[in-house]
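Quick notes on the structure that follows.
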Amino acid sequence: MPDLQALADRVEIAALSGEFTDAGMMRDFDRLAALFTADGVLRIQHIVLAGRDEIRASIEQLRANWEFFVQNAHPGAVTIDGDTASGRSYIHEFGRFRDGSSHSNYSLYHDEYRRTPNGWRFSERVYEMRYVDTTALPGSAA
């Protein structure tokens, strides 16, 4: 018989990553920050953001620099150990900054998750860029 709790945990963790992408794309910074534990950490290259308030404010500030931004996320492996878990998401992002420069990258999120009374949350999310292209994008924002 399948372990229904393990299946439910996997679905909820996958949904958490989807919510992160959706919240960022929709500029819903309160929802994005709420996806982290109170002591959660987001690491983007050399930037370390600790706690929901800092994550929220910093992501809003970073997004203000973009004319448009698109993030596509694809789920990776997840390992569950009781009320904690670890996993990865594979990311492709592209967009144009307000200064006219373009950016495209392929990256990974290395995640640590924790079960909370409000469901699974990120306790740590580490962003690792694998490929970057700053060639001007040929298209335009719709």
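The values are calculated or read from the model by the stated rules, or taken from the named source; none is laboratory data. Note that the structure is predicted; figures quoted are calculated from it, not measured. All Cβ positions, even for glycine, are placed from backbone atoms using ideal geometry, and neighbour counts span all protein chains on display.
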Return the residues of region 15-47 that are more than 18 Å from Arg114 (Cβ to Cβ) and among the aliphatic types (A, V, I, L, M); say none if nothing qualifies. Ala23, Met25, Met26, Ile44, Ile47
May I ask you to list pairs of residues, at least six apart or on different chains, whose Cβ atoms are under 8 Å apart, with the first in region 123-142 being over 27 Å from Asp39 (Cα atoms) and the second being of a type in the set (S, T, N, Q) and not in a strand (DSSP E or B)? Thr134/Ser101; Ala136/Ser101
Does region 25-35 include one or more residues that are acidic (Asp, Glu) and closer than 19 Å to Met129 by Cα? no
So for region 49-70 (the condition being at pLDDT 95 or above, within 22 Å of Val11 (Cβ to Cβ) and in contact with a Gly (Cβ under 9 Å, 6 or more places away or on another chain)), does at least one residue qualify? no
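For region 66-87, check the following and say yes or no: at least one residue is charged (D, E, K, R) and under 16 Å from the mean Cα position of the chain (by Cα). Give the steps one after another, and end with the answer.
Looking only at region 66-87, we keep the residues that are charged (D, E, K, R), and these are 67, 81, 83.
In the following step, the residues that additionally are under 16 Å from the mean Cα position of the chain (by Cα) were identified as none.
No, region 66-87 has no match at all.
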